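Chemist: Shown below is the structure under consideration.
Each value in this text was obtained by applying a stated rule to the coordinates, not by laboratory testing. Just so we're clear, the structure is a prediction, and the values are computed from it rather than from any experiment. Every residue, glycine among them, receives a Cβ derived from its backbone with ideal geometry; neighbour counts consider all protein chains shown.
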Amino acid sequence: MKILYIHHGNRKVGNPQSQEDNLSELGYRDCELVADLLNHQKIKSKIRAIYTSPFFRCKKTAEIINKYLNVPIIDDNRLNEFNSENEQWIDLQNRVNECLDDILKKYCDDDMVICVTSGVNIVSFINKAYGLTASNNAPLLGIPNCCPIVFDYKK
C-alpha cells in the first residue's frame, strides 16, 4: 500500500505557536499545483482517502488537494505536532506510527492514501518505511511545504 505524505502548505505566521494559522498566498498556490499534479496521474483512481491533522493549515491543504479527487477527508489527532509541552519526541513518533498502522490495516495493497500533516512527522513515515523504531535520538528533519513524498509500505 502507498501513503502519499504531504507537509501542509506554507502558512502565514502570526503567532508561531498557533495551530490555526491560515495558508499564505504561496501556500495556496502550492496546494493548487499539487491538486493539479494528482489530477493528471494514473494513481488518482487508487486514492481512497485523505487523512489530515485537525490543524487549520493541514485541513485547508487537504481540502485544496481534494479538489479533483473527491475522496473522504478524515481528521486524525494522531497526525498533530506535539500534543503538549510534556510530550516527548519518542511519544510523537509512536503516536504517528499507531496512526499509520491503523491506515495500513484499513486499506488494500493496491490502495493509496494521502496524509497531510506537519513536517516533524516525516520521521515516523520514514521509520515505518524502513522498519526503524522510534527513538529520542531520531533526527528532527526539515521538509519543504506541500512536497508530496510517496511511501510504499509492505503488509
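Chemist: Among the residues of the stretch 99-155, which ones are part of a strand (DSSP E or B) and of a type in the set (A, V, I, L, M, F, W, C)?
Modeler: M112, V113, I114, C115, V116, I149, V150, F151
Per-residue answers, yes or no, for (1) crowded, with 17+ Cβ neighbours inside 10 Å; (2) of a type outside the set (K, R):
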site: R57; (1), (2): yes, no
site: A62; (1), (2): yes, yes
site: N66; (1), (2): yes, yes
site: I90; (1), (2): no, yes
site: K106; (1), (2): no, no
site: V123; (1), (2): yes, yes
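Chemist: Exactly one condition in (1) in contact with a helix residue (DSSP H, G or I) (Cβ under 9 Å, 6 or more places away or on another chain); (2) free of Cβ contacts under 8 Å to residues at least 24 places away in the same chain; (3) basic (K, R) is false for K106; which is it?
Modeler: Only one criterion in (1) in contact with a helix residue (DSSP H, G or I) (Cβ under 9 Å, 6 or more places away or on another chain); (2) free of Cβ contacts under 8 Å to residues at least 24 places away in the same chain; (3) basic (K, R) is unmet by K106, namely (1).
Chemist: Inside the stretch 21-55, can you point out the residues that are over 20 Å from Y107 (Cβ atoms), of a type in the set (A, V, I, L, M, F, W, C) and surrounded by 20 or more Cβ atoms within 10 Å (Cβ to Cβ)?
Modeler: Selection gives L23, C31, V34, F55.
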